[in-house]
Amino acid sequence: MPKIIMTFPKGKHKVLTMSYDDGRSADRKLVELFNRYGIKGTFHLNSGLMGMGDRIPKEEVLRLYEGHEVSTHTVTHPTIARSPKEQLIEEIMDDRKNLENIVGYTVRGLSFPNGSYNRLIKEMLPFLGIEYARTVHSTGNFSLPDDFIEWNPTCHHNRNLLKLAEDFVQLHKKQYLYMMYVWGHSYEFDQDQNWDLIENFCDYIGKRDDIWYATNLEIVDYIKAFQNLKFSANSHFVYNPSAKPIWLSVDEQIIEVKAGEQIKLVKN
């Protein structure tokens, strides 16, 4: 039986993803930085607050976040663990509907507003079309989540960001998959007067050949597509029923399994 392990696209073993909340005006500058350095982010928006104060107006959302992911953060940003379930359902579903009307694709992710969640909320989310939900509990490590509905990031950008970036870049053992997940609020760079922090980070970590730059949802979809591959009992061939290509390491050789394709993994 061949030795088969999942890799990220094109055989990469590291992925970077960014996650920013609230849709404030500083997102404009942050998105420009991400675009300049080839970094992808997920932006969690409150559709009921758009255009209020310094929040990005509805009319700008589609253009500003093009190439990134728009995700739900509830309509009005309540502390949902203290909300009745009827309000929770409305806050998430109405936010999804509003955002989907703007961006034209299904919104399937969430960041917990005020970091608030509990077991009941986690159990409800899949029935509301939510496939991942980000917490505010930083791990300080680069492991992939065991539970996407309680997805703990690596760090907030104010917590050892550059040191963690250096550690991440130096990782080289390809028998493992590594993920660096950074979260925060773009307006904090204005408040803390440290835009140089995120610019230095992007300049250092961006445009590297061995890192996959992905949105939150791209990571979820890729891993689910890998899990849905149909291997023969002896792992000599595999069928990919999904609409996206998946890359495998087969006896240390990188092989692409294209969408809808069945291929041999072992030559007879």
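For a quick check: sort V257, V250 by the number of other beta carbons within 10 angstrom, fewest at the front.
By the 10 Å Cβ count, ascending, the order reads V250, V257.
Which of W195, W183, W247 has the fewest other C-beta atoms within 10 Å, and how do the rest follow up to the most?
Listed from fewest to most nearby Cβ atoms, that is W195, W247, W183.
Based solely on its DSSP helices, what 222 nm [θ] is calculated for the chain when runs of n ≥ 4 H residues each add -39,500 (n - 2.57) and the sum is averaged over all residues, nearest 500 deg cm²/dmol?
The helix contribution divided over the chain gives -9000 deg cm²/dmol.
Step by step: find N for the stretch 47-130, compute 2.2 N^0.38 Å, then divide the Cα radius of gyration by it. What's the final number?
1.07
State which entries of K3/K230; K10/K163; K3/K267 exceed 22 angstrom in Cα-Cα distance in the structure shown.
Result: K10/K163 exceed 22 Å.
Between G115, G41, G140, which gets the highest mean-square fluctuation from a Gaussian network model of the chain, Cα cutoff 10 Å?
G115
If I fit a long axis through the Cα atoms of helix 161-170 and take the longest principal axis of the Cα atoms of the chain, what angle between them do I get, 0 to 90°, rounded to 10?
10
For the stretch 1-84, what Kirkwood radius comes out of the mean inverse Cα-Cα distance, in Å?
So the Kirkwood estimate lands at 14.9 Å.
Explain nothing, just the number: relative contact order of the stretch 12-223, from Cα pairs under 8 Å at least 6 residues apart, as a whole percent.
About 30 percent, as a whole number.
Please arrange K174, K230 by how many other C-beta atoms lie within 10 Å of their C-beta, fewest to most.
Ascending number of Cβ neighbours within 10 Å: K230, K174.
In whole angstrom, note down how far apart the Cα centers of the stretch 1-50 and the stretch 158-200 are.
12
Return the Rg/Rh ratio of the stretch 118-184 with Cα-based radii and a Kirkwood Rh.
Taking Rg over the Kirkwood Rh, I get 1.05.
Above 23 angstrom, tally the Cα pairs of the chain and express them as a % of all pairs, no decimals.
For the chain, the share of Cα pairs beyond 23 Å comes to 55 percent.
Ratio of Rg to Rh for the stretch 180-268, alpha carbon only, Kirkwood?
Checking Rg against Rh, the ratio lands at 1.18.
Label the stretch 40-186 by shape, choosing from rounded, prolate and oblate, from the square roots a ≥ b ≥ c of the eigenvalues of the Cα gyration tensor; if a/c is under 1.5 it is rounded, and otherwise prolate applies when a/b is larger than b/c, oblate when it is not.
It is prolate, given that a/c is not under 1.5 and a/b is the larger ratio.
Please work out the Cα center distance from the stretch 235-268 to the stretch 136-157, rounded to the nearest Å.
Going from one Cα centre to the other spans 29 Å.
Every number here is computed from the coordinates shown, using simple stated rules; none is lab data. These figures come from a predicted structure and were not determined experimentally. Neighbour counts run over all protein chains shown; Cβ positions are idealised from the backbone, glycine included.
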